[in-house]
Amino acid sequence: MTAARRRYCGGRSNPLRRPAFKGRPAVLRRLHFNGVRPLTIVCTTFGGAMIEKPSAGQLEKELAARQANLARYRELADIAPLVHLPALASCLYDVGLALSALGRHQALPATQEAVEIYRRLAQTQPDEFLSRLAATLVDAGAMLTKLGRHRDALATLPDAIEIYRRLAQTRPLYRSSLAKCLRILGRLLFDDGQLEEGFAAARESADILRGLAATHDWLVVDLAGSVHDSARMLAKLGRREDALAASQEAVDMRRRLARASPNEFLHDLAISLNDLGDNLAGVGRYEDGLAACQEAHAVYRHLSQLYPDADFPDFAGCMNNLGMMLTTLGRRDEALAVNREAVAFARRLAPTYPDVMLPDLAISLNSLAKSLFDIDQHEEGLASIREAVDIQRRLAKRHPEAAQPMLAMALDDLSRLLRLLGRGQDAFAACREAVDIRRRLAEACPDLFRPDLASSFVNLSMILVDGGQPDNARTIVQYAVDIYRDLAKTRPDAFLPDLAVSLSALGTALMALARDADAAEALHEGLAVTARFVEANPQAFGPLAQTLASFYRSACDNARLTPDLALLERISRALDAIG
């Protein structure tokens, strides 16, 4: 799941979500004993969650009772503030909780008012109210995240972390609260494009919990969550082997937890298995990745049978991953069936949970379109990708900051499929729109969106070459080369392969301009960049190396240059490993 998508879904943080397992409250009681409200943990679960369908009537009745209490405590606090302000703050928190469960924006003002009261109380009675202030700050952050106000949510956490650090100095058990808060901070920083800072927070969270879990078994649950987060961040940072090791550790912990208490932890296991599949694919172990995704798929099916009244929105993402694995391994008919299932699943849940499921429906439609193109069902494929674009347009009007990246991704995919059909003008229009969106995003948040912008530049250059505009293509793709070259200075494992792809596109444009010597130089650089990757992981990087080698030989032949035979032999030996 991309960072952009997590931004749209609020990192899957949503106070509407309640665990549907009957065994889960025992876990929440343990968390509450540790000084953190259960809502905080429910609101900040990273990844998918089960959705329980609450009774609106029950929630309205509960809200009415809490609001009646709130009016009474306001009157009492006006008369005797020292006595009744704590009860008023607690009641405000309860009202915010009920409003949030009903999906109403008034939840945030109530919670923020509780924060301000606790802040005043903590100045004179820190021992009693500092921990409540910290927990309520985290809850306010969760509500801000739900509203798409990610920067504001991020601003609430430093105070909470400072409080927990202070409390942990004399009461070590608060170290677990500190770790949970650091985990939330890490996710928000990462989704804000502060990748290294986000990972540092997630790593500190895992380090704290690893020490505590050695003597407090119940904290293994939180440790597994922090390790899971770290794995996702490492994958985004291009540290594939480290990401794989972390995701395997998270799976191992959650597998042990699920054996002991399947009602509580099977869902967490399915989430981690799905990510493990991604990371196995990232190092070229596609068969193993497929097995992990298939196991995750089987766990979701088992959970759906066990709890027919519960919904599992992240099941759609698992099906999309499974379809991608099957496609990569050439099992196209199976991939198509899984992608159709994902679309049907997301379409069924979207009317009930539009903010959660409409993005998943659009992504599932994207995957289905690609599967349909693989078997030459182009018209149905185009209809599918166009529906995905339409959904993302509607979402972008409602949530412009969060949904614009997903709209750009859908437009980019649409342009690639249109190019395959030879519809160059339509492909150009879709790609140009994607470039315009990504350019604006990259100006606002370069670390997060410059890679996407560079990818669209590469795509646009290919469309321009097809359309007989190689000079414009060369100019455009040079921007991509420059971006990837700069990014690769600090994150080589993540961006050197992308640099090689952009150099391949540059070589193509230069060959179309009959500048074969310049093309050979660019392609040679791309091939040299790719060499160590294809040697370490021939299955993942073999196709790119083969393309570069073929173009490089052609450019050398056209320019009557002697190719670098040693480099070609090195690539050939690496490719022999995959037959």
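The values are calculated or read from the model by the stated rules, or taken from the named source; none is laboratory data. What you see is a predicted model; the values in this text were computed from it and never measured. Don't worry about glycine lacking a Cβ; one is built from the backbone with ideal geometry, like all the others, and counts go over all protein chains shown. What goes into the accessible areas is simple: the full protein's heavy atoms, side chains included, and nothing from ligands, DNA or RNA. Shrake-Rupley method; radii C 1.70, N 1.55, O 1.52, S 1.80 Å.
Table for the structure above
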read-out: Counted residues, the stretch 201-253 - those being of a type in the set (S, T, N, Q), modelled with pLDDT under 95 and part of a helix (DSSP H, G or I); value: 0
read-out: Qualifying positions in the stretch 124-150 - within 20 Å of GLU162 (Cβ to Cβ) and among the charged types (D, E, K, R); value: ASP127, GLU128, ARG132, ASP139
read-out: Single match in LYS397, LYS370 (criterion: assigned to a helix (DSSP H, G or I), open to solvent by 10 Å² or more (accessible area, probe 1.4 Å), in contact (Cβ under 8 Å) with a residue 24 or more places away in the chain and not small (Gly, Ala, Ser)); value: LYS370
read-out: Residue within the stretch 545-565 that is within 25 Å of TYR286 (Cα to Cα), in contact with a helix residue (DSSP H, G or I) (Cβ under 6 Å, 6 or more places away or on another chain) and small (Gly, Ala, Ser) present; value: yes
read-out: Close pairs from the stretch 171-186: first farther than 12 Å from LEU212 by Cα, partner outside any helix (DSSP H, G or I), Cβ under 6 Å, at least 6 apart; value: ILE184/THR44
read-out: Candidates ALA101, ALA140, ALA155, ALA114, filtered to the one that is open to solvent by less than 10 Å² (accessible area, probe 1.4 Å), within 30 Å of the chain's Cα centre (by Cα) and not basic (Lys, Arg); value: ALA140
read-out: Qualifying residue in the stretch 556-574 (condition: in a helix (DSSP H, G or I), at pLDDT 95 or above, open to solvent by less than 10 Å² (accessible area, probe 1.4 Å) and closer than 30 Å to LEU448 by Cα); value: no
read-out: Residue list for the stretch 261-289, filter: acidic (Asp, Glu) and more than 21 Å from the chain's Cα centre (by Cα); value: GLU264, GLU287, ASP288
read-out: Search result, residues across the stretch 294-326 that are at pLDDT 90 or above and either within 21 Å of PHE541 (Cα to Cα) or among the acidic types (Asp, Glu) (or both); value: GLU295, ASN321, LEU322, GLY323, MET324, MET325, LEU326
read-out: Extreme residue, nearest to THR352 (Cα to Cα), among residues of the stretch 318-332 that are open to solvent by 20 Å² or more (accessible area, probe 1.4 Å) and in a helix (DSSP H, G or I); value: ASN321
read-out: Qualifying positions in the stretch 485-537 - among the small types (Gly, Ala, Ser), open to solvent by 50 Å² or more (accessible area, probe 1.4 Å) and modelled with pLDDT under 95; value: ALA536
read-out: Members of the stretch 485-512 that are assigned to a helix (DSSP H, G or I) and touching a residue at least 60 places away in the same chain (Cβ under 8 Å); value: PRO492, ASP493, ALA494, PHE495
read-out: Qualifying position, being closer than 22 Å to LEU382 by Cβ and open to solvent by less than 60 Å² (accessible area, probe 1.4 Å), among SER461, SER456; value: SER456
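Listed here are the residues, each with its yes/no results for (1) assigned to a helix (DSSP H, G or I); (2) touching a Phe, Trp or Tyr at 6+ places or on another chain (Cβ under 8 Å); (3) polar (S, T, N, Q); (4) farther than 29 Å from PHE373 by Cα.
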{"site": "SER415", "(1), (2), (3), (4)": "yes, yes, yes, no"}
{"site": "ILE463", "(1), (2), (3), (4)": "yes, yes, no, no"}
{"site": "THR475", "(1), (2), (3), (4)": "yes, no, yes, yes"}
{"site": "ILE483", "(1), (2), (3), (4)": "yes, yes, no, yes"}
